[in-house]
Amino acid sequence: MTARDTTVRITSGPVLVDGPVVVHGVDGSVVRSERFVTAVCTCRRSKIYPLCDASHREVRRATGSCAPADRDAGAE
């Protein structure tokens with residue numbers, strides 16, 4: 001990996017990062033994206049988390065909010 005400036009754009013949905021990018025999860029997982037721009041999920045509803053799959057769009061339509069989901073809710 002080379003040192004360079006990284007541009008991050010914050011929108012009402014995911015965080016958009018100029019790529020390629022490596023995302024390190026708090027659980028130790030590592031995801032690499034070679035895309036020109038990578039959408040990193042901030043609502044935690046994505047089926048391909050930590051990358052965005054636009055799941056926030058359905059939630060916004062249903063509730064009017066894009067608040068982060070509690071991924072551990074109901075799990076025991």
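Bear in mind these aren't lab numbers, they're just calculated from the coordinates by the rules spelled out. Everything numeric in this text was worked out from a predicted model, so none of it was measured.
Would you grab the residues whose amide H sits under 5 Å from the one on Leu51? Only those 5+ places off in sequence or on another chain, please, with H modelled 1.01 Å from N.
So Leu51 has HN proximity to Cys41.
At 0.36 nm per residue, and after removing the present C-alpha to C-alpha distance, how many nm does the segment from Arg32 to Ile48 gain when stretched out fully?
Working: separation 16, 0.36 × 16 = 5.76 nm, distance 1.24 nm.
Result: 4.5 nm gained on full extension.
For region 12-58, count all C-alpha to C-alpha pairs, find those more than 16 Å apart, and express that count as a whole percent of the total.
Cα-Cα pairs in region 12-58 separated by more than 16 Å: 34 percent.
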